[in-house]
Ligand code: RRO
């Protein structure tokens, strides 16, 4: 049986699959269901300093892409119970009693809020790590911090030099990047600070999904603009995991999230360098049993491939150097006018004929016989 054990920020997890912050993570009941499943850890909904209701409904919808995983769009607007709930004795001990590591996500509405939440969470025994979410796309009037590099730098500077910092590992949840200079810039900032892991990536912000039948946006808040998740984002998540695995300091772990619905999806993110994989949209649609199923599928796939642990293939994605197996035969009507003979162009045939003629001419000129050729 293949082992799914891993470590994130030095914390040992029995299973490399766990939940993303967001879907089904707002209440102790939901968090306990995750803890009771095979999920390797339990991560809270991103907390704000005070409890808030979030954006008006409907604010989360799924829409199809293939059979396996739906796409999703959300503009939840950080509905959550407030930091004191997520770090309360009730929640922390409920998860602790399931012998699962508890990670708390913070998404303050200001730097002061983040620092205050950080100092409260750092003091609580039973919280394994803090995940600072710099990429919520859904707060009207608030830009995505991970896209404002100067602000991101300033926030990380303030957080990591705050007197409360240091007793627990800090992770940072990033927005998806799309341009190489942006990957490089983000990585050079992150590499300056004592963070222990990054999560790649949050939803793709400010997407718009249209309900053609009713000629309206699919969700209500922010005129329909929201974070795109699910199957649509997997290639973006793979690219971000790959890039950051190569650009970040070796001691910063990368956790992958985006469009994971199967063991194969998780395998792909690990192949790109992820030390663990979070599940968001699929957790929403399937419930906490998705962690059992995806883990089982990953384990079966690893066994089939002969891998006993995720370290045997993590980050080992190969570039595609393969030539196509057979050069395609260009049909006569579709070729470029040079003609073809079973894939060999007319130009090649002409070159071969010319070579033979020159050889025959030279042989006659210098009276070379077949015996001479054999003697060579
Ligand atoms: O609550 C949300 O609207 C939300 C958050 Br905090 C986030 O980080 N990502 C997202 O897609 N939605």
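Values in this text are rule-based calculations from the coordinates and carry no lab data. Treat the numbers as computed from the prediction; the structure is a model and nothing was measured. Cβ placement follows ideal geometry from the backbone for every residue including glycine, while neighbour counts extend to all protein chains displayed.
Worth pointing out:
- Between 0 and 90°, nearest 10: helix 234-247 axis offset from the chain longest Cα axis: 90
- Degrees between helix 111-122 axis and first principal axis of the chain (Cα, 0 to 90, nearest 10): 80
- Least to most buried among 203, 161 (fewest other Cβ within 10 Å first): 161, 203
- Fully extending the segment from residue 264 to residue 182, taken as 0.36 nm per residue of separation minus the present Cα-Cα distance, adds 26.7 nm.
- Ratio Rg/Rh, restricted to the chain and using Cα atoms, in which Rh is the Kirkwood radius: 1.21
- Extension gain, residue 220 back to residue 51 (0.36 nm per residue minus Cα-Cα distance, nm): 58.7 nm
- Bridge type composition, the chain - antiparallel percent by DSSP, nearest 5: 45
- Scoring 208-218, 191-201 by mean Cβ neighbours within 10 Å over their residues and listing the highest first yields 191-201, 208-218.
- Protection proxy ranking for 99-110, 16-27, using the average of other Cβ atoms within 10 Å per residue and placing the highest first: 16-27, 99-110.
- Taking the longest Cα principal axis of the chain as reference, the axis of helix 346-365 is set at about 40 degrees.
- Model label points for residue 151 and residue 123, set 7 angstrom from Cα along the Cα-to-Cβ axis, are 2.9 nm apart.
- Taking label positions 7 Å along the Cα-Cβ direction at both residue 206 and residue 65, the computed distance is 2.0 nm, reported to one decimal.
- Considering only Cα atoms, the convex hull volume of segment 266-323 works out to 105 Å³ per residue.
- Isotropically averaged projected area of segment 172-252, using the convex hull of Cα atoms (one quarter of hull area), nm²: 6.3
- Coordinate range along principal axes, alpha carbons of segment 21-179, Å, largest first: 47, 41, 29
- Two-site FRET efficiency, residue 109 against residue 213, from Cβ-Cβ distance with R₀ of 35 Å, rounded to 0.05: 0.45
- Helical mean residue ellipticity (222 nm; -39500 (n - 2.57) per DSSP H run of 4+; nearest 500) of the chain: -10500 deg cm²/dmol
- Applying 1/(1 + (r/R0)^6) with r as the Cβ-Cβ distance of residue 14 and residue 321 and R0 = 22 angstrom yields a FRET efficiency of 0.05.
- If you plug the beta carbon distance of residue 312 and residue 351 into 1/(1 + (r/R0)^6) with R0 = 51 Å, you get a FRET efficiency near 0.55.
- Taking 0.36 nm per residue of separation and subtracting the current Cα-Cα distance, fully stretching the chain between residue 160 and residue 29 would add 43.9 nm.
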